[in-house]
Amino acid sequence: QRVGKPLAAQAAYSAFLARWPDNLKAGIGLANAHHASGRLKEAEAVLRHALERHPDSVVAANNLAQTLLDQARGDEALSVIDRVAGREGPFAAEVRETRALILRRLGKGG
């Protein structure tokens, strides 16, 4: 996926999820592959499904917020990122960066 083959990654992650539909890492991978190929609605749908199955996933929430922001849905993105903002953990810095970007795009500072 990181070497510029999002379509191959989409196929692989889709096959993985067909067999193990609750796998969070595969869901995030598929969403990232969709996002990389500009398929933002598909990325959003996969991330929403991942969050339904794993509501405490900071990564899924962060990526969904970014995907919503990339669709010019900043208020929605802020609502999603605020669910995980302030949590400590290995992705806290990424969440802070995403939230600041959302606020800047909404014209609210950041």
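One table, with the values for the structure above:
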{"read-out": "From Ala33, Ala26, Ala18, residue being over 18 Å from Ala92 (Cα atoms) and open to solvent by 20 Å² or more (accessible area, probe 1.4 Å)", "value": "Ala18"}
{"read-out": "Near pairs, Cβ below 7 angstrom, 6+ apart or cross-chain, from the stretch 17-34 (of a type in the set (Val, Ile, Thr)) to any residue that is open to solvent by 20 Å² or more (accessible area, probe 1.4 Å)", "value": "Ile28/Val59; Ile28/Asn63"}
{"read-out": "Number of the condition not met by Asp22 [criteria: (1) under 20 Å from Arg73 (Cβ atoms); (2) in contact with a Lys or Arg (Cβ under 9 Å, 6 or more places away or on another chain)]", "value": "(1)"}
{"read-out": "Residue pairs meeting the criteria (Cβ under 7 Å; at least 6 apart or on separate chains; first surrounded by 17 or more Cβ atoms within 10 Å (Cβ to Cβ), in the stretch 38-49; second of a type in the set (Gly, Ala, Ser) and not in a loop (DSSP other than H, G, I, E, B))", "value": "Ala43/Ala31; Val46/Gly27; Val46/Ala31; Leu47/Ala31; Leu47/Ala60; His49/Gly27"}
{"read-out": "Residue that is nearest to Ala65 (Cα to Cα) [pool: residues in the stretch 86-110 that are among the basic types (Lys, Arg) and at pLDDT 95 or above]", "value": "Arg99"}
{"read-out": "Wholly within the stretch 1-53, helices (runs of 4 or more DSSP H) carrying at least 2 residues that are farther than 22 Å from Val80 by Cβ and more than 16 Å from the chain's Cα centre (by Cα)", "value": "6-19"}
{"read-out": "Qualifying residue in the stretch 67-86 (condition: within 19 Å of Ala9 (Cβ to Cβ), β-branched (Val, Ile, Thr) and open to solvent by less than 40 Å² (accessible area, probe 1.4 Å))", "value": "yes"}
{"read-out": "Test: Leu106 is closer than 27 Å to Lys5 by Cα, among the aliphatic types (A, V, I, L, M) and open to solvent by less than 60 Å² (accessible area, probe 1.4 Å)", "value": "no"}
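The values are calculated or read from the model by the stated rules, or taken from the named source; none is laboratory data. Note that the structure is predicted; figures quoted are calculated from it, not measured. Cβ sites come from the backbone with ideal geometry, for glycine too, and all protein chains shown count toward neighbours. Surface areas here come from the heavy atoms of the whole protein model, side chains and all, with no ligands, DNA or RNA. Shrake-Rupley method; radii C 1.70, N 1.55, O 1.52, S 1.80 Å.
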